[in-house]
Amino acid sequence: MKIKKIMAMLIAAVVVCVGFTSCGDDEDNEVFPAAKTIEGSYSGEVTFSVMGSESKDSGTYEIKAVDDTHISMTTSSSGSGTMALPSITVDNIPVSVSNTSGTEVVSASIPEVSGTITVNGEEKAYTFSDIVIVNTGNKISIAYSLQYGRMPMAIVTSFTGEK
């Protein structure tokens, strides 16, 4: 009879321990969609390369969430006169999240986007190729090729910046 009481108390103790263990903090940590994570204004250095000739400028890129899994990117304007390059917005770039060595990396890419923009009353065509955006924390890197207006060669562009 004594063994039955001891066994019953042991089982009761196990049940109580398991019950209290499951009553912890049930609040879920808020998880932001990938597009919201990367959203922001980034300032840094833009490198332009045309046929091997390179120039650098400071610039600001704007990233906005379109929905949970897509962003829009507005490029930095640069140059002046006939060499002016206006800011252009590219919409609906798909976003994904990966984890590299414990660091969350948000990336976005799209193979090609074409459109037109009106500059000083003149409509100019543009084609972005191979847009790749990688964001880690407050840092971002953006790379793409841009065929703009009547320019016969692409402008290979890279940008690194911080929020």
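The values are calculated or read from the model by the stated rules, or taken from the named source; none is laboratory data. Computed from a predicted model, the values in this text were never measured in an experiment. Neighbour counts run over all protein chains shown; Cβ positions are idealised from the backbone, glycine included. Protein only, heavy atoms only, side chains kept; ligands, DNA and RNA dropped before computing areas. Shrake-Rupley method; radii C 1.70, N 1.55, O 1.52, S 1.80 Å.
Overview of results
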{"read-out": "Candidates SER98, SER109 - the one that is farther than 14 Å from ILE142 by Cα, open to solvent by 30 Å² or more (accessible area, probe 1.4 Å) and either in a strand (DSSP E or B) or not basic (Lys, Arg) (or both)", "value": "SER98"}
{"read-out": "Qualifying residue in the range 147-154 (condition: in a strand (DSSP E or B), hydrophobic (A, V, I, L, M, F, W, C) and touching a strand residue (DSSP E or B) at 6+ places or on another chain (Cβ under 7 Å))", "value": "no"}
{"read-out": "Filtered residue count, the range 135-145, keeping only those that are crowded, with 17+ Cβ neighbours inside 10 Å and modelled with pLDDT under 95", "value": "1"}
{"read-out": "Of all residues in the range 30-70 being without any contact (Cβ under 8 Å) to a residue 12 or more places away in the chain and not in a strand (DSSP E or B), the one that is least open to solvent (accessible area, probe 1.4 Å)", "value": "GLY52"}
{"read-out": "Single residue of THR118, THR157, THR127 found to be among the β-branched types (Val, Ile, Thr), on the phi < 0 side of the Ramachandran plot and surrounded by fewer than 12 Cβ atoms within 10 Å (Cβ to Cβ)", "value": "THR118"}
